[in-house]
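Everything below concerns the one structure shown next.
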Amino acid sequence: MLLIRESVFISRQQIELLIAGRTNELDYRNRNRRLARLVELGQIQTHPQCFPYPGRVFSITAQGMVTLDLVGQGLLSASWDTKRLTDDAQTLHFLVLNEIQIAARKVFNIRRWIGDKELKSLNIAVNHPTQKDYDSIMELSSLSDANVAIRVGIEYERTVKSKERYAQIRKNLEAETQIQGVLYFVENETSAAFVSRVVYSEDVPVGVIVVSQFQSKGADALMRVVQNRTVVNTSVRDYLKSLMS
């Protein structure tokens, strides 16, 4: 239930990959029974398939929020009486974010993945919130010291925003102290070329990458980043190394 809440929307296949990675048929059937029982109890709800992701889609219900709150997993940003826990128009957005997390966990040693709802709650609670409610934050162990973590904001842009909106994001990044970098995931090279020219920061380097390339090539995928006022190509691996230096 916690995974479903933090994902906002999540497909059946994504639940399997994020909980167990590779699993056997017995585990899969057992989880199917548990999910069916949670639906029956009104803790979670199902949604129609969202192309191109196979199977049903799940989200948490108000009753499920109550249950998590009772076991000490409540949120400051949302609760059982929140008028609208989910927006069906955002289903695809969150399913793609799940795919990004799945791909990242295959290649990186991720200490923590902070999703949309948890980050909003943390930003209410802490004295020094992030300057923006990023789609997610990925915490990685430093290459030089396993006890030190770097935090990278994750953003997914299915459609690009206006230049004025990106100007505001640049301003936010100038004041950002809680993360070391931002990865912007986009759908195609055209979007990548545009976003890399309008979103950048000297203090919080912004890398722009096409989702499908990250899924297929992982840390070796090429991305765009601004260096010395020029957009250059680098690998995701080298970008992250630069944040850890």
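The values are calculated or read from the model by the stated rules, or taken from the named source; none is laboratory data. Predicted model only: the values in this text are computed from it and were never measured. Note that we place each Cβ from the backbone using ideal geometry, even for glycine, and neighbour counts take in every protein chain shown. Only protein heavy atoms, including side chains, enter the accessible area calculation; ligands, DNA and RNA are left aside. Shrake-Rupley method; radii C 1.70, N 1.55, O 1.52, S 1.80 Å.
Leu173 - would you say it is in contact (Cβ under 8 Å) with a residue 40 or more places away in the chain, within 19 Å of Leu97 (Cβ to Cβ), open to solvent by less than 90 Å² (accessible area, probe 1.4 Å) and not hydroxyl-bearing (Ser, Thr, Tyr)?
no
Of all the residues that make up the range 185-211, how many are part of a helix (DSSP H, G or I), open to solvent by less than 70 Å² (accessible area, probe 1.4 Å) and without any contact (Cβ under 8 Å) to a residue 40 or more places away in the chain?
Selection size over the range 185-211: 7.
Return the residues of the range 223-245 that are in a strand (DSSP E or B) and either surrounded by fewer than 16 Cβ atoms within 10 Å (Cβ to Cβ) or β-branched (Val, Ile, Thr) (or both); say none if nothing qualifies.
Val225, Val226, Gln227, Thr230, Val231, Val232, Asn233, Thr234
Can you tell which of Phe51, Phe58 is within 23 Å of Glu99 (Cα to Cα), within 23 Å of the chain's Cα centre (by Cα) and free of Cβ contacts under 8 Å to residues at least 40 places away in the same chain?
Phe51
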